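Here's the structure we're looking at; comments come further down.
What follows draws every value from the coordinates through simple rules; no lab data is involved. This is a predicted model, so every value here is computed, not measured. With ideal geometry, Cβ positions are generated from the backbone for all residues, glycine too; neighbour counts draw on all protein chains shown.
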Amino acid sequence: VLIRPQNKERKAHEGMISSLQKGDKVVTKSGVHGRIDSVEANTVELEIADKVRVTIEKMSVARKKEKEV
């Protein structure tokens, strides 16, 4: 009973990870907000401030930021 929702959530997260593109605004699991500058096989380069970039594992991306209205 508990396994089905967890598998569904995991598959949704993996789908989101595989669809990451340059320019997407994301939030990491640690709460860092940034914009994707480049995407590699297992990592993404995240611009967190003007001319400040960090390389993180794709799996540490928690979610994409919603478009601001």
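Structure summary
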| read-out | value |
| --- | --- |
| Candidates Val32, Val44, Val52, ranked by Gaussian network fluctuation over the chain, Cα under 10 Å, top entry | Val52 |
| Average silhouette area of the chain, convex hull of alpha-carbon atoms, in square nanometres | 5.6 nm² |
| Acute angle (nearest 10 degrees) that the helix 3-18 long axis makes with the longest principal axis of the chain, alpha-carbon atoms | 30 degrees |
| Among Met16, Val54, Ala41 the positive-end extreme of the charge dipole of the chain (Cβ point charges) | Met16 |
